[in-house]
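Following: one structure in structure tokens, then a few remarks.
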Amino acid sequence: MVSKKNKLGKIKGFTIQFLPYSEIRGLNSDERIRKILGIVLGNNILLLQGRLLPEEETRLIGDTMAMIEHVKNFRGIELAVIAGNGNSGFFGKFRRNFANAISGGDLGAVTIVGPATIVKEIKRNPKKIELLLNR
Amino acid sequence: MAIKIVKNFFKRVFLGIFKGKKEIKLGFYGPPNAGKTSLVNRICKDFTGEEIGSVSKIPHETRKVQFKEKVEIEFKGKKMTFKMIDTPGIATKIDYEDFLKFKIKKSEAKKRAKEATQGVVESIKWLDDMNLVVVVLDATENPYNQVNITIIGNLVARKIPVLIVANKIDMKKSDIKKIESAFPEYDVVGISAKYGKNLEEFYESIFRLSKKL
């Protein structure tokens, strides 16, 4: 029990923040990326309702890379988009219609973004999704 | 007036001839350590006698976009000319400490990490320049990775044809079916770039997709 406590004690503080899509709907791509990275840099795991456009996702990756160079102790992000809410599970819709899933917006989707220093891996397969944290 | 007509006629004729011999910009994208450079090296070695870049077990060995122009690939009596573009692996995180596991000095690891971040940015910038893209995935890894989905999503949005390659099929842990089921709308070709396994099917798919351009 003691050793378990010690291990858990190594996790540094973080918050899970939910952002409804309405908060980014009126923003342009620059502002969206800035908002997301601002939240993540504050040691928060972001759960965003909906998803970004494919171009915005690559932009997020590109800007993250630029940030690694400029922000001390920032190592990047873990990113996952859970798309689809059909009967066939998380990826059912994604499998049936990939094109729909990449169209952006998609309020049935959830985008998870976390700082890599906190989120070790977002492990997923068609049946489940796991958020593994760094200890 | 007559000179102008003759001039236009020759212009049309020559343009028509060279249009068919246009160099196709063939990009190789994917996560780090999937075997992009190994595959490009094999193709370039087979058809030009020269490799394009170095390969390593350490991730992010390719940190700059490297290309080889006018690579003429011959397959079943047909020839096509490509500009082979090998890109650095795309990742969402890069930690210099990960490189220390490979017994690299701290200063060298930090330099590698810095170059790797710049490489990712460069890879993304080159997306717009491609005519056709081969997404190279490691068949021993879980394909449900957001980087893979983001790359393919971007190519679809840009209307760039995609071929998915499941590399490292020589390894016991490899699972092509998992990749096929993750991307059911795309052609998936299983290969081993290291041993040159199943490249015939790869060339066949490349030629088929190139004809549609």
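Got a number for residues in segment B:179-212 being among the aliphatic types (A, V, I, L, M), within 14 Å of another protein chain (Cβ to nearest Cβ) and closer than 20 Å to B:Met130 by Cα?
Within segment B:179-212, the first condition is being among the aliphatic types (A, V, I, L, M), and the residues that meet it are B:179, B:182, B:188-189, B:191, B:193, B:199, B:206, B:209.
Within this subset, residues satisfying the condition of being within 14 Å of another protein chain (Cβ to nearest Cβ) are B:179, B:182, B:188.
Those still in the list that are closer than 20 Å to B:Met130 by Cα too: B:188.
Of the residues in that region, 1 qualify.
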Review point. Listed residues B:Ser54, B:Ser38, B:Ser107; which is over 22 Å from A:Glu78 (Cα atoms), in a loop (DSSP other than H, G, I, E, B) and of a type outside the set (Asp, Glu)?
Key: B:Ser54
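Select from segment A:51-81 the residues that are on the phi < 0 side of the Ramachandran plot and more than 7 Å from chain B (Cβ to nearest Cβ) and list them in ascending order. Outline the logic, then answer.
First, the residues of segment A:51-81 that are on the phi < 0 side of the Ramachandran plot: A:51-72, A:74-75, A:77-81.
A:Arg51, A:Leu52, A:Leu53, A:Glu56, A:Arg59, A:Leu60, A:Asp63, A:Met67, A:His70, A:Val71, A:Lys72, A:Phe74 - these are the residues of segment A:51-81 that are on the phi < 0 side of the Ramachandran plot and more than 7 Å from chain B (Cβ to nearest Cβ).
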Exercise for review: Would you tally the residues in segment B:117-140 being in contact (Cβ under 8 Å) with a residue 60 or more places away in the chain and more than 8 Å from chain A (Cβ to nearest Cβ)?
Suggested key: 12
Point to revise | Scope segment B:144-163; condition more than 9 Å from every other protein chain (Cβ to nearest Cβ) and buried (at least 23 other Cβ atoms within 10 Å of the Cβ); matching residues | key: B:Asn148
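Looking for whichever is within 9 Å of chain A (Cβ to nearest Cβ) and surrounded by fewer than 21 Cβ atoms within 10 Å (Cβ to Cβ) here; the options are B:Lys105, B:Lys101, B:Lys110, B:Lys114. Which one fits? Give the derivation first.
Details: B:Lys105 fails: within 9 Å of chain A (Cβ to nearest Cβ); B:Lys101 fails: within 9 Å of chain A (Cβ to nearest Cβ); B:Lys110 fails: within 9 Å of chain A (Cβ to nearest Cβ).
Only one candidate qualifies: B:Lys114.
Conditions tested, residue by residue: (1) within 30 Å of B:Ile94 (Cβ to Cβ); (2) hydrophobic (A, V, I, L, M, F, W, C); (3) within 17 Å of the chain's Cα centre (by Cα).
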{"site": "B:Ile149", "(1), (2), (3)": "yes, yes, yes"}
{"site": "B:Ala166", "(1), (2), (3)": "yes, yes, yes"}
{"site": "B:Met171", "(1), (2), (3)": "yes, yes, no"}
{"site": "B:Glu180", "(1), (2), (3)": "yes, no, no"}
{"site": "B:Glu201", "(1), (2), (3)": "no, no, yes"}
**Study point:** Flag if A:Ile102 is facing chain B (nearest Cβ under 10 Å) and either at pLDDT below 90 or under 18 Å from B:Val120 (Cβ atoms) (or both)
**Key:** yes
Study note, to complete from the structure: Only one of B:Lys125, B:Lys177 is surrounded by fewer than 16 Cβ atoms within 10 Å (Cβ to Cβ) and within 23 Å of B:Val65 (Cβ to Cβ), namely B:Lys125
Review point. If you go through segment B:63-89, how many residues are assigned to a loop (DSSP other than H, G, I, E, B) and more than 12 Å from the chain's Cα centre (by Cα)?
Key: 4
Check your understanding: Which residue pairs have Cβ atoms closer than 6 Å, lie 6 or more positions apart in sequence or on different chains, and pair a first residue in segment B:64-81 that is at positive phi with a second residue that is β-branched (Val, Ile, Thr)?
Key -> B:Lys70/B:Thr81
Review point. Is it true that B:Lys45 is surrounded by fewer than 16 Cβ atoms within 10 Å (Cβ to Cβ), out of contact with any Leu (no Cβ under 7 Å at 6 or more places or on another chain) and within 25 Å of A:Thr58 (Cα to Cα)?
Key: no
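The values are calculated or read from the model by the stated rules, or taken from the named source; none is laboratory data. Note that the structure is predicted; figures quoted are calculated from it, not measured. Here Cβ is always computed from backbone atoms with ideal geometry, including for glycine, and neighbour counts include all displayed protein chains.
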